[in-house]
């Protein structure tokens, strides 16, 4: 089994510390949500950037970039639905619910960014949404992960 790169481990721990989720066995399910949520947000953001770069340099076809961008949309929509169920649980601490709401917001920005990429693939002059939502998504993720 491959080990996580040290940088990714730091990012995951930073999310947990910044969010107030405890890195212990008090609530292993919530710990897993935080860890997997950080991984999902971080990698989805960079996947979209890689797709845009790959398409812009002709390393990826329009069909490939479009298909993977739509995959990110679907996965983010599923994440929003799952996180929303947890947010609705009144037994979850208010601080943890707030973190989950922020994670949902970051997923929403990733979805908007993915739609911006699709618009760019369809018309290379359409870059405004891509760049606007890319910056906003990174700010939300950076804030969640407490990155400088």
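For segment 6-145, what is the per residue volume of the convex hull drawn over the alpha-carbon atoms, in cubic angstrom?
Convex hull volume per residue, Cα atoms: 97 Å³.
Between residue 122 and residue 61, the distance separating the two model label sites (each 7 Å from Cα on the Cα→Cβ line) works out to 2.0 nm. Ranked by how many other Cβ atoms sit within 10 Å of their own Cβ, fewest first, the residues 40, 78 fall in the order 78, 40. If R0 is 22 Å, the Cβ-Cβ spacing of residue 143 and residue 93 corresponds to a FRET efficiency of close to 0.65.
Each value in this text was obtained by applying a stated rule to the coordinates, not by laboratory testing. Since we're looking at a predicted model, the values are computed, not measured. Here Cβ is always computed from backbone atoms with ideal geometry, including for glycine, and neighbour counts include all displayed protein chains.
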